[in-house]
1. Can you name the number of the only condition in (1) within 13 Å of the ligand (Cβ to nearest atom); (2) not in a helix (DSSP H, G or I) that I164 fails?
2. Mind checking which residues of segment 498-542 are surrounded by 18 or more Cβ atoms within 10 Å (Cβ to Cβ) and of a type in the set (V, I, T)?
3. Taking the residues in segment 356-382 that are in a loop (DSSP other than H, G, I, E, B) and hydroxyl-bearing (S, T, Y) as candidates, determine which candidate is farthest from the chain's Cα centre (by Cα).
4. Filter segment 485-538 down to residues that are of a type in the set (V, I, T) and part of a helix (DSSP H, G or I) and give me whichever is nearest to T416 (Cα to Cα).
5. Restrict the check to segment 151-173 and report whether at least one residue is within 26 Å of M229 (Cα to Cα), modelled with pLDDT of 95 or more, among the aromatic types (F, W, Y) and surrounded by fewer than 23 Cβ atoms within 10 Å (Cβ to Cβ).
6. For Y189, indicate whether it is assigned by TED's automatic domain parsing to the domain that holds G265, of a type in the set (F, W, Y) and within 13 Å of the ligand (Cβ to nearest atom).
7. Of the conditions (1) closer than 19 Å to M403 by Cβ; (2) β-branched (V, I, T); (3) in contact with a Phe, Trp or Tyr (Cβ under 6 Å, 6 or more places away or on another chain), V452 satisfies every one except a single condition; which number is it?
8. Hey, among the residues in segment 199-228 that are in a helix (DSSP H, G or I) and surrounded by fewer than 23 Cβ atoms within 10 Å (Cβ to Cβ), which one's farthest from the ligand (Cβ to nearest atom)?
Amino acid sequence: MKTYRDILKWGDKREFELDEGTKKLIIEKLGYSESDFKQKHLAGDHPIQLKKTSDIDAEILKQFTSIVGEENISTLDSERASHSYGKSYPELLALRLEQIPSPPDAVLYPRTDKEIIEILAICQKNKIAITPYGGNSSVTGGLKTPLGGISLDLTKHINQIIEINETDFTTTVQAGMFGPAFEEYLNNYGSKYSCGHFPQSFEYSTVGGWVAAKSAGQASTGYGKIEHMVLSLKIITPTGVIQTKTYPASAQGWDIAQIFIGSEGSLGIITEITMKIRKYRPDNTDYASFIFKDFASAVTAMRICMQKGIGKPHLFRISDPEETEIAFKTKGFEGSFSDKFLNTIGYKSGSRCLMFVAVEGHKDYTKQVISLIKKVVKKSSAFSLGSKPTKKWLNQRYTSAYMREPLMDLGIMTDTLETAVMWSDLLPLWEAVRKYLKKREKTVVMVHISHVYENGANLYFTFLSPMKKGEEQKEYTAYHKGIIETILSHKGSLSHHHGVGRILAPWMEKELGKESLQLMQAIKNHIDPKGIMNPGNTLGLKP
Ligand SMILES: Cc1cc2nc3c(=O)[nH]c(=O)nc-3n(C[C@H](O)[C@H](O)[C@H](O)COP(=O)(O)OP(=O)(O)OC[C@H]3O[C@@H](n4cnc5c(N)ncnc54)[C@H](O)[C@@H]3O)c2cc1C
């Protein structure tokens with residue numbers, strides 16, 4: 001029988017063990033002892049049993065069944081529970097507390113666009129809420145179903161590549177295709193291609209989810225965020241099907257596709273995406289890594305690289321001093337001969353910062369960009385660490401996603417928040433948010449920059465802090481509110497790439513302004529007049 005733990009776990013359902021380096025960190029910085037690692041706090045290991053039964057009308061259920069077939073509809077507790085939440089910290093906490101107050105009434109796995117159109121018509125007629133469901137990696141409460149209704153899971157059937165055009169360098173893909181299957185298909189097709197989009201959730205997120213939540217991958221500095229990659233979309237909405245056309249660019253008034261990118265299921269169901277592809281040539285990728293004496297000089301070097309016209313790296317990343325020290329500690333570098341050497345020559349622990357760079361493309365291009373970056377960063381007294389640290393980082397890139405379960409088993413709050421900021425405001429914002437986060441005792445705060453532009457960059461905050469047992473939800477809500485307010489009052493955006501969902505919705509009016517939110521609401525009212533699409537405050541929109 002499925003347990004709450006089965007559905008809260010990230011990806012691979014095996015239990016993930018913390019490595020010795022991380023255990024050492026938890027003991028030293030968070031005040032844990034060896035014996036604490038033997039217990040599991042709020043393990044969520046009971047069988048799922050929903051208090052709320054499915055409210056769906058028997059006649060309507062019959063109609064849905066006749067559309068998708070018996071094998072593609074479920075009202076089982078386990079299915080409804082696994083479609084109730086995404087993967088944000090408060091949602092995982094709720095699952096550990098075995099709280100699922102408003103699951104969907106049914107889960108549907110449509111096979112075709114035609115079926116989706118028919119399902120939408122029934123929902124529209126009967127005012128049934130409908131929540132599109134991709135990889136289930138949302139970290140904004142975007143998959144919650146506060147009004148019940150149906151969860152429309154696209155991953156079972158709507159998951160194929162429709163076309164690859166080697167002349168135009170485009171692919172058309174169905175929304176429910178997962179990242180690895182998409183990339184593998186492209187890598188092996190014709191002259192070999194890549195999608196160029198690798199969020200940390202890559203293994204368990206879908207192309208449709210990337211578009212709906214406006215995501216960013218690790219190579220975004222070179223290739224752009226998902227909104228820079230999409231050329232056209234097909235969206236099934238309650239008022240009809242919208243299929244935008246594919247052009248390299250156009251000036252036909254508003255860009256309609258962009259209205260749906262980041263719409264988080266609130267306007268319709270994205271079923272097909274035509275997007276750019278690029279050549280897959282991993283052998284050409286050139287890597288570099290550097291250490292800087294402090295965060296300010298690393299940020300300056302990064303900014304100059306972006307503004308100098310020397311070509312863009314694809315992966316471009318700086319860890320702040322605390323993230324750098326934690327990487328050194330957990331990877332066993334702390335206290336080594338190289339560590340002592342770096343400290344002796346002025347790269348002191350506590351202020352030094354790591355930078356990772358990778359450039360993709362033609363061999364001549366990658367070599368040239370890396371060599372120009374080396375020249376620029378040397379002026380900020382960066383010390384070159386060669387290519388290995390970046391390659392190592394890339395090899396374990398997806399691992400930290402699995403660490404949340406063992407950390408939460410210890411009663412540790414483990415969450416991330418991210419923002420975008422102009423260069424002039426970046427350091428004050430970094431300092432202010434760190435200061436706020438550090439107000440909590442025994443809190444580890446790691447910050448990095450990983451999506452970089454000519455005009456600014458993102459800041460990504462990861463924090464670990466022991467929770468008072470029994471007070472987890474209350475403590476988190478208050479702490480999280482303070483972080484968002486500190487970000488906004490220091491000129492950071494509400495989100496750079498996680499999206500808004502329901503968790504950040506309360507700040508949308510403050511962030512966008514009343515008039516802008518009203519404009520979004522007017523579009524919503526036009527396209528979804530009965531308010532059935534992912535209702536319940538997604539993006540701050542009212543049904
Ligand atoms: C460990 C971890 C790491 C992450 N790393 C990153 C990262 O590096 N970069 C990043 O940008 N994000 C990251 N995220 C957030 C998340 O992975 C992204 O938002 C991702 O784009 C969601 O894709 P999904 O397929 O899982 O969508 P889901 O979580 O299933 O859905 C997300 C939202 O989009 C809607 N939706 C999904 N599919 C469709 C569709 N076809 N049509 C209309 N609406 C739809 C849903 O209703 C929901 O509101 C991370 C999350 C986790 C848990």
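The values are calculated or read from the model by the stated rules, or taken from the named source; none is laboratory data. Just so we're clear, the structure is a prediction, and the values are computed from it rather than from any experiment. Glycine gets a Cβ as well: all are built from the backbone with ideal geometry, and neighbour counts include every protein chain shown.
1. (1)
2. V500, I503, I527, I532, T538
3. S381
4. Of all residues in segment 485-538, those of a type in the set (V, I, T) come to 486-487, 500, 503, 523, 527, 532, 538.
Checking which are part of a helix (DSSP H, G or I) leaves us with 486-487, 523, 527, 538.
Numbers: T486: 15, I487: 13, I523: 31, I527: 33, T538: 20 Å.
For segment 485-538, the residue satisfying everything is I487.
5. Within segment 151-173, one or more residues are within 26 Å of M229 (Cα to Cα), modelled with pLDDT of 95 or more, among the aromatic types (F, W, Y) and surrounded by fewer than 23 Cβ atoms within 10 Å (Cβ to Cβ).
6. For Y189, the condition - assigned by TED's automatic domain parsing to the domain that holds G265, of a type in the set (F, W, Y) and within 13 Å of the ligand (Cβ to nearest atom) - is not met.
7. (1)
8. Looking at the filtered set, the residue picked out is G222.
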